[in-house]
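Read the structure below first, then the notes.
The values are calculated or read from the model by the stated rules, or taken from the named source; none is laboratory data. The structure displayed is predicted, hence computed values, not measured ones. All Cβ positions, even for glycine, are placed from backbone atoms using ideal geometry, and neighbour counts span all protein chains on display. Heads up: the accessible areas ignore ligands, DNA and RNA and are worked out on the full protein's heavy atoms, side chains in. Shrake-Rupley method; radii C 1.70, N 1.55, O 1.52, S 1.80 Å.
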Amino acid sequence: MIIGVTGGKGGTGKSFFAVNLAVALAKKGARVVLLDCDPDSPSDHILISAERKNKKEVRCLIPIFDEDKCVKCGACVKSCQYNALFQLPGKVPQLMEPICNGCTACILTCPYGAITKGSKIVGWTYESEKHGLRMISGELKPSEPLSEKIVNEIKKNGEKEKADFVIVDTAAGAHCNVVAALDGCEKAYVITEPTPFGISDLEVIIEVLGKLKIPYEIVVNRSDITDKKIENTKFEIPYDRKIIDSYVKGIPLVLYDEEHPVSKMFYKLAEEMMK
Ligand code: SF4
Ligand code: SF4
């Protein structure tokens, strides 16, 4: 089963929920893969004090122009929907590399075979093992904008794993890499907090999940910091010093204090999911 853990707003506790659910499932005997699909700001490995190993490059195709074959017709420039090519009169087209997403349209368009496939590094993926679970994470190369390429690579690597549960921890927001991470999830937990910002961003991510046809349940973290109640809440996690301590120590709460009410909630949820 592929389960997304998401939430429009940053800092609501998505990674806390994803990590503790994954570890609780693993403790109950399930084979679990945790995918940290936030390559702009990966943090799951820090929450579980896991070492990132097996660094692999993620590459993106870019066009390479052969100046001897190019007749400067401009057809490739017109074919680029992303405006990643520009051409001065009578010159070979130039690539604005950060904008190119490797779609290959220009290569297919050139009637003279003057463009070949090159590639550039856009980031890296890593693998980790800790507390009985496998983890795949990624990191976007600074200055590169193509974080969904890393997310797609993390998910591709995750699909190769033989797992009972794949937990997909998305980035904040509702942009391309969040949609790429959620695509294919069978269910999602939406983590929010009872603040005006949290509620506003909750509405946005619920709309995205509706468009992707993914059923979801709402989890309100730090539920007692205001009196605001959010409709259809499945779980409430109160603000608690012990949860902060578990962050600081890099030990998931479900291991740091198995008898804590929130740990018991995760173990009960894990048992229900394994039925
Ligand atoms: S590969 Fe696609 S995005 Fe990149 S320059 Fe060619 S047409 Fe444009
Ligand atoms: S389509 Fe081919 S020949 Fe025409 S400008 Fe582009 S690279 Fe040159």
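Leaving out ligands, DNA and RNA but keeping every protein chain, what accessible area does residue 201 have, in Å² rounded to the nearest 10, with a 1.4 Å probe?
Around 50 Å² of this residue is reachable by solvent.
How high is the FRET efficiency between residue 75 and residue 129 when r is their beta carbon distance and R₀ equals 41 Å, given to the nearest 0.05?
On the way: r = 50 Å, r/R0 = 1.22.
Once rounded, the FRET efficiency stands at 0.25.
Leaving ligands, DNA and RNA out of it, work out the accessible area of residue 239 with a 1.4 Å probe and give it in Å² to the nearest 10.
130
So for the pair residue 260, residue 186, with labels modelled 7 Å out along Cα→Cβ, what separation do we get in nm?
Placing both labels 7 Å beyond Cα along the Cβ direction yields 2.9 nm.
Taking only DSSP H segments of four or more residues, each worth -39500 (n - 2.57), what value at 222 nm results for the chain once the sum is divided by all its residues, to the nearest 500 deg cm²/dmol?
Working: 10 runs with 93 residues, N = 275.
When only DSSP H runs of four or more count, the value is -9500 deg cm²/dmol.
Looking only at Cα atoms, what is the convex hull volume of the stretch 59-121 per residue, in Å³?
It is 70 Å³ per residue.
No solvent, one uniform scatterer per C-alpha: report log10 I(q)/I(0) for the stretch 46-190 via the Debye equation at q = 0.21 1/Å, two decimals.
Log-scaled intensity ratios, in q order: -1.24.
At 0.36 nm per residue, and after removing the present C-alpha to C-alpha distance, how many nm does the segment from residue 248 to residue 67 gain when stretched out fully? Display every interim value, and only then the final one.
Numbers: separation 181, 0.36 × 181 = 65.16 nm, distance 5.63 nm.
The residue 248-residue 67 span can extend by a further 59.5 nm.
Students often forget the sequence filter, so: which lysines lie under 16 Å Cα-Cα from residue 229 once same-chain residues fewer than 8 apart are removed?
Straight-distance partners of residue 229: none at all.
Please report the carbon-and-sulfur percent of the accessible area for the chain; probe 1.4 Å, protein heavy atoms only, DNA, RNA and ligands left out. Could you put the intermediate results ahead of the total?
Numbers: 6930 of 13500 Å².
Carbon plus sulfur share of accessible area: 51 percent.
Highest mean first, what order results for 31-43, 58-70 on Cβ atoms within 10 Å? Mind dumping the intermediate values first?
Values: 31-43: 23.8, 58-70: 15.7.
Final packing ranking: 31-43, 58-70.
To one decimal place, what Kirkwood hydrodynamic radius in Å is obtained for the stretch 189-275 from all pairs of distinct Cα atoms?
14.3
Which pairs in the list 55/162; 14/187; 130/275; 9/155; 120/160 are over 18 Å apart, alpha-carbon to alpha-carbon?
Numbers: 55/162 20 Å; 14/187 15 Å; 130/275 24 Å; 9/155 22 Å; 120/160 24 Å.
Among 55/162; 14/187; 130/275; 9/155; 120/160, the Cα-Cα distance tops 18 Å for 55/162; 130/275; 9/155; 120/160.
To the nearest 10 Å², what's residue 231's accessible area with a 1.4 Å probe?
150
Going by a 4.7 Å Cβ-Cβ cut-off, which cysteines of the chain have no partner at all?
37, 60, 70, 73, 80, 100, 103, 110, 176, 185
With every protein chain present, what is the per residue accessible area of the chain (1.4 Å probe, Å²)? Walk me through the numbers on the way to the answer.
Details: 13500 Å² over 275 residues.
On a per-residue basis, 49 Å².
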